[in-house]
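One structure is given below, encoded as structure tokens.
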Amino acid sequence: MKHYEVEILDAKTKDKLCFLDKVEPNATIGEIKSMFHKSHPQWYPARQSIRLDPKGKSLKDEDVLQHLPVGTTATFYFRDLGAQISWVTVFLTEYAGPLLIYLMFYFRVPFIYAPKYDFTTSKHWVVHLACMCHSFHYVKRLLETLFVHRFSHGTMPLRNIFKNCTYYWGFAAWMAYYINHPLYTPPTYGEQQIRLALTVFLFCQIGNFSIHIALRNLRPPGSKTRKIPYPTKNPFTWIFLLVSCPNYTYELGSWLGFTLMTQCLPVAAFTLVGFIQMTVWAKGKHRSYLKEFRDYPTLRSPILPFIL
Amino acid sequence: MSAPAMGTSKTAHTDSSHKKKKGPGTLATAYLVIYNVVMTAGWLVIAVGLVRAYLARGSYHGLYYSIEKPLKYFQTGALLEILHCAVGIVPSSVVLTGFQVMSRVFLTWAVTHSVREVQSEDSVLLFVVAWTVTEIIRYSFYTFSLLNHLPYLIKWARYTFFFVLYPMGVAGELLTIYAALPYVQKTGLYSITLPNNYNFSFDYHTFLILVMISYIPLFPQLYFHMIRQRKKVLGHVEEYSKVE
């Protein structure tokens with residue numbers, strides 16, 4: 001068996017960082033990253049970006065050496081992705097925050113509202129309902145992170161956790177402040193409005209969960225395969241006929257429901273910002289699907305049926 | 001924050017003849033030349049207005065009123081620059097330009113125009129003068145750059161005057177916002193209180209304080225950015241041929 005030689009150069013300075021000899025032809029990039037890590041312990045595999053070209057795309061961990069367009073002496077370029085943090089850690093942190101923060105406002109912990117309101121509860125039943133819905137939503141997200149989602153990437157840049165937490169925690173505090181405020185005004189159309197809102201919210205929560213399960217089942221455990229999602233026996237997944245990312249569609253629906261339930265402008269703002277971000281993600285995902293699969297259903301839109 | 005020496009670093013590179021330029025088309029260039037000429041003229045009008053009013057009154061107090069209208073017109077007109085970036089005829093970041101123009105517009109309308117009592121403050125003159133000198137230089141810089149006939153003096157001025165104009169403008173802006181605070185608090189200007197049907201509140205007074213605080217991280221960043229740009233653009237003085 002002919003062995004390869006692998007040299008790794010810095011993508012910017014072109015300095016020779018590492019030379020590996022007697023590398024198996026069937027070695028994967030992941031294995032090469034581990035070997036590189038041995039000589040440079042500060043660069044653990046998750047923060048290595050290995051490419052064929054200094055300005056090119058990162059190679060995947062699964063790529064096999066002998067299937068790459070390299071000679072028996074392979075030259076790779078390395079870029080440091082910076083400190084990394086696992087997706088699971090980020091998700092758990094960014095979701096635990098809103099859960100706890102909202103409850104602090106709900107229970108009117110001291111120093112938020114005037115002292116005479118400390119540890120009192122709102123007299124409006126919709127406020128209790130909103131707390132249950134908000135808490136349910138984030139508990140669901142935490143459980144999905146732990147037991148449902150199968151992540152494509154193990155890690156993301158460390159700075160993302162600060163960005164993401166600021167976003168989630170900040171908005172949670174902002175909306176919780178008003179919903180649990182002693183001067184909170186319940187929805188204009190009262191019980192009718194709240195009932196409709198709750199229905200929409202629950203429907204979309206179940207829908208969102210159904211999509212997460214369907215996506216999980218597309219992917220065998222421990223794998224990173226990508227397949228076209230299709231409607232299953234669960235009616236909540238039939239939306240796949242019209243939309244590429246129905247998880248985002250349902251998420252938008254949940255927050256519209258919550259906005260209607262609380263009739264609170266900060267909630268509407270959060271819904272809007274979330275919608276914009278999810279649309280960006282949905283369009284990206286939709287484009288990847290189209291690129292990767294020749295036979296991708298043409299009826300589907302990224303996030304809103306026929307519209308967006 | 002309204003940086004007196006605002007504008008993009010990318011335009012600095014239009015003088016390097018060896019860099020590949022993918023600038024605006026002919027029609028866009030013609031439009032931009034007209035735009036920049038008009039803006040240069042506008043800020044010159046403001047400059048002249050200030051000088052004339054000063055000579056007429058014999059003091060520099062209350063000069064704001066003599067240039068209030070052109071200031072509003074031409075500063076607000078700069079909103080077009082966001083559009084130029086969005087459309088792509090100017091190679092700058094929409095976000096950065098938007099932020100810079102909006103902060104100027106904010107100071108012009110949401111502070112100086114809205115809080116009548118600060119209009120007679122000397123701090124207003126401080127930032128108006130800083131803006132005026134900066135903009136005259138900046139818009140003539142763009143005009144000449146577009147016509148590929150940039151006098152070294154203008155380039156030098158653009159990347160040197162900011163040393164003084166920038167802090168001067170920031171000082172004027174901060175002092176003006178600070179002066180506005182008591183009136184905003186007293187009248188509850190632009191503020192929304194609870195309870196209301198949309199369960200939302202906004203305290204403009206607190207907001208203005210937060211704006212002032214935001215100058216602390218932002219001002220040094222922009223200032224040092226300009227210093228770095230200056231080194232890049234003016235650093236190799238011997239290698240640059242003076243353009244006639």
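The values are calculated or read from the model by the stated rules, or taken from the named source; none is laboratory data. This structure is a prediction, so every number in the text was calculated from the model and none was measured. Note: ideal-geometry Cβ built from the backbone for every residue, glycine included; neighbour counts use all protein chains shown. Heads up: the accessible areas ignore ligands, DNA and RNA and are worked out on the full protein's heavy atoms, side chains in. Shrake-Rupley method; radii C 1.70, N 1.55, O 1.52, S 1.80 Å.
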Inset, instruction - Using a 1.4 Å probe over the heavy atoms of the protein chains, calculate the carbon and sulfur portion of the accessible area of the range B:80-213 as a whole percent. - result: 74 percent
Legend entry - Overall Cα dimensions of the range A:1-86 - principal axes, largest extent first, Å: 37, 25, 22
Inset, instruction - Alpha carbons only, please: Rg and Dmax for the protein assembly as shown, in angstrom. - result: 29.4, 95
Legend entry - Computed over chain A: relative contact order in percent, which uses C-alpha pairs under 8 Å that are six or more apart: 14 percent
Inset, instruction - Quick one: accessible surface of B:ILE82, probe radius 1.4 Å, all protein chains present, in square angstrom to the nearest 10. - result: 40 Å²
Legend entry - A:TRP43 accessible area, assembled protein chains, probe 1.4 Å, Å²: 40 Å²
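Can you give the relative contact order of chain B as a percent, counting alpha carbon pairs under 8 Å and 6+ residues apart?
So the answer I get is 27 percent.
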Inset, instruction - Enter the buried accessible area of the B/A pair, total of both sides, probe 1.4 Å, in Å² rounded to the nearest 100. - result: 900 Å²
Legend entry - Accessible area of the protein assembly as shown divided out per residue, in Å², using a probe of 1.4 angstrom: 53 Å²
Inset, instruction - Could you check which residue among A:PHE19, A:PHE240, A:PHE136 shows the biggest mean-square fluctuation in a GNM of chain A with a 10 Å Cα cutoff? - result: A:PHE19
Legend entry - Cα-based reach from A:LYS163 at 16 Å (exclusive), listing aspartates and glutamates while leaving out same-chain residues under 8 positions away: A:GLU94
Inset, instruction - Over the range A:1-50, with every protein chain in place, what whole percent of the accessible area is carbon and sulfur at 1.4 Å, could you tell me? - result: 53 percent
Inset, instruction - Could you estimate the translational diffusion coefficient of the range B:62-170 from the Stokes-Einstein equation, with Rh from the Kirkwood formula over C-alpha pairs, at 20 °C and 1.002 mPa s, in whole µm²/s? - result: 142 µm²/s
Legend entry - Nearest-10 value in Å² for the accessible area of A:PHE306, using the 1.4 Å probe: 150 Å²
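Dipole size in debye (nearest 20) for chain A around its Cα centre, Lys and Arg Cβ +1, Asp and Glu Cβ -1? It would help to have the intermediate numbers written out before the result.
Details: 34 positive and 19 negative charges, 71 e Å.
Computed about the Cα centre, the dipole is about 340 debye.
Using Cα-Cα distances under 8 Å and only pairs 6 or more residues apart, what relative contact order does the range A:201-245 have, in percent? Mind dumping the intermediate values first?
On the way: 29 pairs, mean separation 14.8, N = 45.
This gives 33 percent for the range A:201-245.
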Inset, instruction - Rounded to the nearest 10 degrees, what's the angle between the helix A:190-217 long axis and the longest principal axis of chain A, both from Cα atoms, 0 to 90? - result: 20 degrees
Legend entry - Buried on assembly, the range A:258-273 (at least 50 Å² less accessible surface than by itself, 1.4 Å probe): A:GLN263, A:LEU265
Inset, instruction - Using only Cα atoms, tell me the angle between helix B:64-77 and the longest principal axis of chain B; keep it within 0 to 90° and round to the nearest 10. - result: 60 degrees
Legend entry - Share antiparallel - DSSP beta bridges, the protein assembly as shown, percent rounded to 5: 65 percent
Legend entry - Value in Å of the Kirkwood radius, where chain A supplies the Cα pairs that are averaged: 22.5 Å
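Under the Kirkwood approximation applied to all pairs of distinct alpha-carbon atoms, what is the hydrodynamic radius of the range A:186-266 in Å?
Hydrodynamic radius (Kirkwood, Cα only) of the range A:186-266 equals 13.9 Å.
Anything over 31 Å Cα to Cα? Flag those among A:LYS33/B:LYS231; A:LYS140/A:LYS224; A:LYS57/A:LYS227; A:LYS12/A:LYS60, in the order listed.
Flagged as over cut-off: A:LYS33/B:LYS231.
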Inset, instruction - Please build a GNM for chain B, connecting alpha carbons under 10 Å apart, and tell me which residue among B:PHE99, B:PHE200, B:PHE127 fluctuates the most. - result: B:PHE200
Legend entry - Kirkwood Rh in Å, taken over all unlike Cα pairs in the range A:231-290: 12.5 Å
Inset, instruction - Taking only the C-alpha atoms, wrap a convex hull around chain B and report its volume per residue in Å³ as a whole number. - result: 141 Å³
Legend entry - Amide H partners (placed H, <5 Å) of A:LEU17, local residues excluded: A:ILE8, A:LEU9, A:ASP10
Inset, instruction - Project the alpha carbons of the range A:82-236 onto their principal axes and report the range along each, largest first, in whole Å. - result: 56, 42, 19
